[in-house]
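This report refers to the structure that appears directly beneath it.
The values are calculated or read from the model by the stated rules, or taken from the named source; none is laboratory data. From a predicted model like this one, the values you see are computed outputs, not experimental measurements. FYI the Cβ positions are ideal-geometry reconstructions off the backbone, even for glycines, and counts take in every protein chain you see.
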Amino acid sequence: MGGTEFKSKIDIRGINPYILITKEIAAKIKMGWKRPMPVLVKINELPEKHWKINMMPAGNGDFYLYLHGTLRKASNTKVGDIVRVRVSFDNKYRGGPMHSMPEKFEDALKKDKRALESWEKLSPSRKKEILRYFANIKRDSALQHNISRAISVLGGNNERFMGREWKDGK
């Protein structure tokens, strides 16, 4: 796997356990990167096969490496632990939506100009997140319900959707 190795404390931000990756360490992983950074991670040399994740920019050159429950369980770690972190850039990562846009969502966007404009302004990672969310919905009624909610928030209604607050289509 290679990569950069260092020790750090697992902290918590809201309800999300994370490790702060300083701008100096981030530069060793991938110089000049400013977007969510695709990386391969091991904590205390676990799991056996590295974990794929995107580090999220903090806005000042630092990044948040959020630690999914599966990774914490595999590495037997918790908030407050000092851990050995190995991180390398994921050169095999390919951006862009992994899932196709549901036809019903595409039709709904075409009918709502403001929602369509907001959709077009979303970052590729946010679009990917929404399309992945839709792809995992099994029941047609649930899909339709969530498409309606997506159109509502993209159309400018201030409400929660997909675990976050939306305001003015963002």
Self-check item: Selection within the range 119-153 - in contact with a strand residue (DSSP E or B) (Cβ under 8 Å, 6 or more places away or on another chain) and of a type in the set (A, V, I, L, M, F, W, C)
Solution: Ala150, Val153
Practice problem: Would you please name the residue that is nearest to Ser88 (Cα to Cα), looking only at residues in the range 1-32 that are surrounded by 13 or more Cβ atoms within 10 Å (Cβ to Cβ) and among the acidic types (Asp, Glu)? | Solution: Glu5
Quiz item: Residues in the range 135-170 that are within 15 Å of Leu109 (Cβ to Cβ) and either exposed (fewer than 10 other Cβ atoms within 10 Å of the Cβ) or touching a residue at least 60 places away in the same chain (Cβ under 8 Å) (or both): how many?
Solution: 0
Quiz item: For the range 136-155, which residues satisfy the criterion of being in a loop (DSSP other than H, G, I, E, B) and of a type in the set (Lys, Arg)?
Solution: Lys138, Arg139
Exercise. Go through the residues of the range 9-28 one by one and say whether even a single one is closer than 25 Å to Phe134 by Cα and not hydroxyl-bearing (Ser, Thr, Tyr).
Key: yes
Quiz item: Applying the selection to the range 67-87, what residues are modelled with pLDDT of 95 or more and within 17 Å of the chain's Cα centre (by Cα)?
Solution: Val87
Exercise. Determine if the range 46-55 includes at least one residue that is more than 19 Å from the chain's Cα centre (by Cα), surrounded by fewer than 14 Cβ atoms within 10 Å (Cβ to Cβ), at pLDDT 95 or above and not hydrophobic (A, V, I, L, M, F, W, C).
Key: no
Quiz item: Within the range 89-100, is there a residue that is surrounded by fewer than 14 Cβ atoms within 10 Å (Cβ to Cβ), in contact (Cβ under 8 Å) with a residue 12 or more places away in the chain, touching a strand residue (DSSP E or B) at 6+ places or on another chain (Cβ under 8 Å) and of a type in the set (Phe, Trp, Tyr)?
Solution: yes
